Every structure is written in C-alpha cells, then in structure tokens.
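Contents: one structure, followed by commentary.
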Amino acid sequence: MIIVKTSKISSKGQITLPSAVRAMLKSDLVRIVVEDGNIRLEAVPDVGGSLKAYAARYQPFEEAREQAWSEVVREQNPRT
C-alpha cells in the first residue's frame, strides 16, 4: 500500500502525520532514518510490559524506585 500525503513543517520543525499514517505505524514512537537524501520513519514497538515475564510479582513504580534508591544509598554509605 502506498500513501502519499503532503505536510507542512512548522517553525518549530514539527509535522503532523496524517491519521492513516499514524494508524499504520501502530506506535507513538518513531525512528527517523536519513539515508542517501531520503527520510524514512520506522515504528518503534512499545516495549512496555515486555519484561513482565521476568518479574516475580507486580511492584508499583514508586515502590520500585524507592527500593532502588535505598539500595544505592546503602551501597554508597556502608555502615562500619
């Protein structure tokens, strides 16, 4: 399938992708590849949840962050 659309580049360097193109990407992240004077957008798949199988149990982000910070503090300041 070939879709040809024209978009204006804003003064901030932004473009709006047509809805058909966004639907084809199926992602909110894109990789911009410039090669031989051509520009290509490639969808970057969502990696959210991809590591779920490795988790022993669900842990809220805030709890995981606090645990990580506590471990770093203990490593940096060992009690003698």
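Taken together, the values in this text are just the output of simple stated rules run on the coordinates, not laboratory data. None of the values given here were measured: they were computed from a predicted structure. Neighbour counts are summed over all protein chains in view; Cβ atoms, including those assigned to glycine, are modelled from backbone coordinates with ideal geometry.
For the chain, modelled as a GNM whose springs connect Cα atoms under 10 angstrom apart, the maximal fluctuation among Ala23, Ala43, Ala55 occurs at Ala55. Please label the shape of the chain as rounded, prolate or oblate, based on the square roots a ≥ b ≥ c of the eigenvalues of the alpha-carbon gyration tensor (a/c under 1.5 means rounded; beyond that, a/b larger than b/c means prolate, else oblate). Since a/c reaches 1.5 and a/b is larger than b/c, the shape of the chain is classed as prolate. How tilted is helix 61-76 with respect to the longest principal axis of the chain? Cα atoms for both, answer in degrees (0 to 90, nearest 10). Compared with the principal axis, the helix lies near 50 degrees.
Per-residue ellipticity at 222 nm, computed for the chain from helices alone with -39500 (n - 2.57) per DSSP H run of at least four residues, works out to -9000 deg cm²/dmol. Check each of the trypsin sites (Lys or Arg not before Pro) in the range 16-80 and keep only those in coil by DSSP with at most 15 other C-beta atoms within 10 angstrom; list them in order. Filter output for the range 16-80: Lys26, Arg57, Arg79.
Counting other Cβ atoms within 10 Å of each Cβ, which chymotrypsin sites (Phe, Trp or Tyr not before Pro) in the range 1-64 have at most 16 and sit in a DSSP loop? The qualifying sites are Tyr58. Of the GluC sites (Glu not before Pro) in the chain, which ones lie in a loop per DSSP and count no more than 16 other C-beta atoms within 10 Å? Qualifying residues, ordered by number: none. The Cα center of the range 62-80 and the Cα center of the range 1-30 differ in position by 43 Å.
Cβ crowding within 10 Å, taken as a proxy for footprinting-reagent exposure, orders Thr6, Thr16 from fewest neighbours to most as Thr6, Thr16.
Scaling the Cα radius of gyration of the range 1-46 by the globular reference 2.2 N^0.38 Å produces a ratio of 1.21.
Extension gain for the segment Ser27 to Lys8, taken as residue separation times 0.36 nm less the Cα-Cα distance, is 4.7 nm to one decimal. For the range 13-24, backbone phi angles converted through the Karplus equation (6.51, -1.76, 1.60; θ = phi - 60°) give residue-by-residue couplings of x, 9, 10, 9, 7, x, 4, 5, 5, 4, 5, 5 Hz, Gly and Pro being listed as x.
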